[in-house]
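See structure below.
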Amino acid sequence: MNAVFRQYLRPLGLSSALILLSACSMQPSQPDIQARAEQESPSQTEPQASGSFKGATLYALLVAELAANRGLPQVTMHNYLREAERTQDINIARRATLLAQHYRDAGSLLTAAQLWHKLEPDNPRPAGLAAAELIRRGQLEQAKPLLASALKSNSLATVDALAERSQRMGSKERDAYLELIDQLLQQQPEQPHLLYAKASLLRHNPHGAGGGDETQALALAQQALSLDPSFDRAILLEADLQARSGHLDTALGHLREELNKRDHKQIRTLYTRLLLQKGQTETAVQQGDLLLENHPNDHNLKFYLGALMLEYDLIDSSKEYFTALSQAVGPNSTLHYYLGRIAHEQGDKALALDHFGKIGKSNYLVAGMAEAAKMLDSPDDAPTLIKLLDNARTLAPDRSATLFALEAQWLTERDLQRRALETYGRGLEQHPDDTQLLYNRAMLSEQTDDLEQMETDLRRLLELEPDNATALNALGYSLTDRTDRHDEALVLIRQALKLKPDDPAILDSMGWAHYNLGDYRLALEYLLRAYQSFPDPEIASHLGQVYWKLGQPEQARQVWNEALQRDPGSELILDAMRQAEQQ
């Protein structure tokens, strides 16, 4: 939402509320509504009077405005939506929509915008807002009629929603939107916004060559620019597609030309990213500094630049951006996570752990604990890590299963298997049906020769998820590799293969089960498919042993030698070779 529009959505004072209420329930005049929506506040509307509200409505709306002033958006939205529905008044519906947009309340926004559109069907503004929210939700059939109205009026909000949603669309949804846009283009073939919308949809088309029909998308973006050379979204899309297709210099040149004409935040931001991609780090840092100089209060921009610089290992610049952001908005979990990563990169272990330890309940909590686990490398660091993880589990009980798994995996990697099993046990006491913990403990139990516990955990997992191909394969492979229950193993592996017919791990298990049953020809068939798909040492070990049993020692040695070239010193291959020579 731009700043000009946002200023009109600030909560009204009491006097402004009274003015608004006296204007409500009046029919608006018919000037350019699209332009007016971007320039006026709800209280600036000057409609023609046609009536007044009952006292109950006036009171409810006064309460709503006072609640807005006191930071109680739920009360504000509840009252406005209720009165808009009850009175069917355009101005109340409009005000409710703009307030919901200001509060970023998607549910209320959709409800209010749909009502506003119902009351004022010729106004493209509510159609565009409702269509955008329906698009974000993936509600195709409800969005299409509103979308047609919004696109005809060049609603950028709707176009932006389509572009954002396109990355997550299935083919049916994408094709439906493309069909609608093609119909609109037949009526308006030189409409830049429609051309851009189609380009955005094609860009992420999974049926296009290379994972997206980027060539056609680029042509459409360029066609839009030929009609409107200053269309910023098309400029950004063109440059991004050029860079993705290997024409990075061309993209940089076009962006540079545009920036010579005008300052534009999004264009300069993309220019900065592509400069980093090109390896021109000094110029990229200069552009980042210029962005913050021109937009000193844009905290989202500070965050993006900090993360971008960290991605390209420009640690000092990243620290500068994140430190400035922390000073501006105060420390929070997100910033502690990134500042912790920066401290880690700079070798300040104590500071990094301090930042990670200050991450609260947030989306960054587990990621921060994982970063801390990577830093604490010695088995002697176990008490420090466990203390961090215990605190994290207290903060976020809903993430504690994942945190138990993280702790147990760390202990396993440092050969502390007994303690790892104890950790899995504590985790499963609290989360007895957590499939991640069940699977991980089963695999560790197999490594420690506790086949009974392994089977118990995998059987329980399969009770919870009967079609879990990974668990079916793990149990089947373990039974054929570690016991003589080969027929039982084969049943499990067949179930897994039916679910994932091309999975190389399952193909390997099927081959190994047939090997153990003495059916070497069939074993060879499965193992060749597995090896061709994923030539890892274990599959190579099995394939070589099958060749040896079939009396083809040269083929066996060839497979093993190829594997040793990729993974010198592989114990799996060396053991297979020693066993074969002893036969």
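Condition first: under 16 Å from ASP390 (Cβ atoms), surrounded by fewer than 18 Cβ atoms within 10 Å (Cβ to Cβ) and polar (S, T, N, Q). Now tell me which residues in region 410-462 satisfy that.
Answer for region 410-462, where residues must be under 16 Å from ASP390 (Cβ atoms), surrounded by fewer than 18 Cβ atoms within 10 Å (Cβ to Cβ) and polar (S, T, N, Q): just GLN430.
With the requirement that a residue be buried (at least 17 other Cβ atoms within 10 Å of the Cβ) and either at pLDDT below 95 or touching a Pro at 6+ places or on another chain (Cβ under 6 Å) (or both), what does region 502-536 give you?
Matches in region 502-536: ALA530, ASP536.
Report yes if TYR439 is in contact (Cβ under 8 Å) with a residue 24 or more places away in the chain and either within 20 Å of THR412 (Cα to Cα) or outside any helix (DSSP H, G or I) (or both), otherwise no. Break it down stepwise before answering.
Working: in contact (Cβ under 8 Å) with a residue 24 or more places away in the chain: yes; either within 20 Å of THR412 (Cα to Cα) or outside any helix (DSSP H, G or I) (or both): yes.
Yes, satisfied.
Is there a residue being farther than 15 Å from LEU162 by Cβ, out of contact with any helix residue (DSSP H, G or I) (no Cβ under 8 Å at 6 or more places or on another chain) and modelled with pLDDT of 90 or more anywhere in region 172-191?
Scanning region 172-191, I find at least one residue that is farther than 15 Å from LEU162 by Cβ, out of contact with any helix residue (DSSP H, G or I) (no Cβ under 8 Å at 6 or more places or on another chain) and modelled with pLDDT of 90 or more, so the answer is yes.
Restrict the check to region 460-483 and report whether at least one residue is farther than 25 Å from THR402 by Cα and aliphatic (A, V, I, L, M).
Looking for residues that are farther than 25 Å from THR402 by Cα and aliphatic (A, V, I, L, M), one finds at least one in region 460-483, hence yes.
Quick test of your reading of the structure: HIS204 fulfils all but one of (1) crowded, with 23+ Cβ neighbours inside 10 Å; (2) of a type outside the set (A, V, I, L, M); (3) over 27 Å from PRO126 (Cα atoms). Name the failing condition by number.
(1) is the only condition that HIS204 fails.
Rundown of residues vs (1) part of a helix (DSSP H, G or I); (2) hydroxyl-bearing (Ser, Thr, Tyr); (3) over 24 Å from THR423 (Cβ atoms); (4) over 26 Å from the mean Cα position of the chain (by Cα), yes/no style:
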| position | (1), (2), (3), (4) |
| --- | --- |
| GLY288 | yes, no, yes, no |
| GLY306 | yes, no, yes, no |
| HIS336 | yes, no, yes, no |
| GLY360 | no, no, no, no |
| GLY368 | yes, no, no, no |
| ASP390 | yes, no, no, yes |
| ASP398 | yes, no, no, no |
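Inspect region 80-88 for any residue being open to solvent by 60 Å² or more (accessible area, probe 1.4 Å), at pLDDT 90 or above and basic (Lys, Arg) and give the result as yes or no.
For region 80-88, residues open to solvent by 60 Å² or more (accessible area, probe 1.4 Å), at pLDDT 90 or above and basic (Lys, Arg): present.
Being over 23 Å from THR448 (Cα atoms) and either touching a residue at least 12 places away in the same chain (Cβ under 8 Å) or β-branched (Val, Ile, Thr) (or both): is that true of PRO504 here? Even if it seems obvious, please write down each step before you answer.
Values: over 23 Å from THR448 (Cα atoms): yes; either touching a residue at least 12 places away in the same chain (Cβ under 8 Å) or β-branched (Val, Ile, Thr) (or both): yes.
It is true that PRO504 is over 23 Å from THR448 (Cα atoms) and either touching a residue at least 12 places away in the same chain (Cβ under 8 Å) or β-branched (Val, Ile, Thr) (or both).
Just name the residue that is surrounded by the most Cβ atoms within 10 Å (Cβ to Cβ) out of those in region 55-70 that are closer than 17 Å to ALA93 by Cβ and either at pLDDT 85 or above or of a type outside the set (S, T, N, Q) (or both). It would help to see each step written out before you state the result.
Of all residues in region 55-70, those closer than 17 Å to ALA93 by Cβ come to 57-58, 60-61, 64-65, 68.
After this cut, where a residue has to be either at pLDDT 85 or above or of a type outside the set (S, T, N, Q) (or both) as well, the list is 58, 60-61, 64-65, 68.
Details: LEU58: 17, ALA60: 20, LEU61: 24, ALA64: 28, GLU65: 23, ALA68: 24.
Residue satisfying both the conditions and the ranking: ALA64.
Quick test for you: out of ASP122, ASP175, pick the one residue that is outside any helix (DSSP H, G or I), without any contact (Cβ under 8 Å) to a residue 40 or more places away in the chain and either of a type outside the set (A, V, I, L, M) or open to solvent by 60 Å² or more (accessible area, probe 1.4 Å) (or both). Steps first, please.
Values: ASP175 fails: outside any helix (DSSP H, G or I).
One residue alone meets the criteria, ASP122.
Tally up the residues in region 178-196 that are open to solvent by 50 Å² or more (accessible area, probe 1.4 Å) and among the hydrophobic types (A, V, I, L, M, F, W, C), please. I'd like the intermediate steps shown before the answer.
In the first step, residues of region 178-196 are kept if they are open to solvent by 50 Å² or more (accessible area, probe 1.4 Å); the result is 179, 182-183, 186-190.
In the following step, the residues that additionally are among the hydrophobic types (A, V, I, L, M, F, W, C) were identified as none.
Residues flagged as open to solvent by 50 Å² or more (accessible area, probe 1.4 Å) and among the hydrophobic types (A, V, I, L, M, F, W, C) within region 178-196 amount to 0.
Can you confirm whether LEU147 is within 16 Å of ALA224 (Cβ to Cβ) and of a type in the set (A, V, I, L, M, F, W, C)? Quick ask: steps written out before the conclusion?
Working: within 16 Å of ALA224 (Cβ to Cβ): no; of a type in the set (A, V, I, L, M, F, W, C): yes.
Against the criterion (within 16 Å of ALA224 (Cβ to Cβ) and of a type in the set (A, V, I, L, M, F, W, C)), LEU147 does not qualify.
Could you tell me how many of the residues in region 129-158 are farther than 20 Å from LYS172 by Cβ and open to solvent by 20 Å² or more (accessible area, probe 1.4 Å)?
Final tally of qualifying residues: 6.
Between ASN391, ASN440, ASN473, which is within 16 Å of ALA373 (Cα to Cα), of a type in the set (S, T, N, Q) and out of contact with any Gly (no Cβ under 6 Å at 6 or more places or on another chain)?
After ruling out the rest, the residue left standing is ASN391.
Give the residue that is least open to solvent (accessible area, probe 1.4 Å), with candidates limited to residues of region 541-580 that are more than 16 Å from LEU527 (Cα to Cα) and part of a loop (DSSP other than H, G, I, E, B).
SER570
If you scan region 309-332, which residues turn out to be of a type in the set (Gly, Ala, Ser), in a helix (DSSP H, G or I) and either modelled with pLDDT under 95 or surrounded by fewer than 19 Cβ atoms within 10 Å (Cβ to Cβ) (or both)?
ALA324, SER326, ALA328
Quick check on region 92-119: of everything there that is surrounded by fewer than 24 Cβ atoms within 10 Å (Cβ to Cβ) and of a type in the set (S, T, N, Q), which residue is nearest to ALA148 (Cα to Cα)?
GLN114
Tally time: how many residues in region 139-169 are at pLDDT below 80 and not in a helix (DSSP H, G or I)?
Summing the residues that are at pLDDT below 80 and not in a helix (DSSP H, G or I) in region 139-169 gives 4.
Determine whether region 524-537 contains at least one residue that is under 38 Å from the mean Cα position of the chain (by Cα), assigned to a loop (DSSP other than H, G, I, E, B) and either closer than 18 Å to ASN473 by Cα or without any contact (Cβ under 8 Å) to a residue 24 or more places away in the chain (or both). Break it down stepwise before answering.
We begin by selecting, within region 524-537, every residue under 38 Å from the mean Cα position of the chain (by Cα); these are 526-537.
Within this subset, residues satisfying the condition of being assigned to a loop (DSSP other than H, G, I, E, B) are 534-536.
Pick out the ones that are also either closer than 18 Å to ASN473 by Cα or without any contact (Cβ under 8 Å) to a residue 24 or more places away in the chain (or both) and you get 534, 536.
There is at least one residue in region 524-537 that is under 38 Å from the mean Cα position of the chain (by Cα), assigned to a loop (DSSP other than H, G, I, E, B) and either closer than 18 Å to ASN473 by Cα or without any contact (Cβ under 8 Å) to a residue 24 or more places away in the chain (or both).
Say whether the condition of being more than 34 Å from the chain's Cα centre (by Cα), open to solvent by less than 10 Å² (accessible area, probe 1.4 Å) and of a type in the set (Ser, Thr, Tyr) is met by at least one residue in region 479-486.
Yes, because at least one residue in region 479-486 is more than 34 Å from the chain's Cα centre (by Cα), open to solvent by less than 10 Å² (accessible area, probe 1.4 Å) and of a type in the set (Ser, Thr, Tyr).
Exactly one condition in (1) under 15 Å from ALA176 (Cβ atoms); (2) surrounded by fewer than 16 Cβ atoms within 10 Å (Cβ to Cβ) is false for LEU162; which is it?
(2)
Here are the criteria: (1) closer than 22 Å to LEU255 by Cβ; (2) open to solvent by 10 Å² or more (accessible area, probe 1.4 Å). Tell me which single one ALA199 does not satisfy.
(2)
The values are calculated or read from the model by the stated rules, or taken from the named source; none is laboratory data. Quick caveat, the model's predicted, so the values are computed rather than measured. In this analysis, Cβ positions are derived from the backbone assuming ideal geometry, glycine residues included, and neighbour counts consider all displayed protein chains. Protein only, heavy atoms only, side chains kept; ligands, DNA and RNA dropped before computing areas. Shrake-Rupley method; radii C 1.70, N 1.55, O 1.52, S 1.80 Å.
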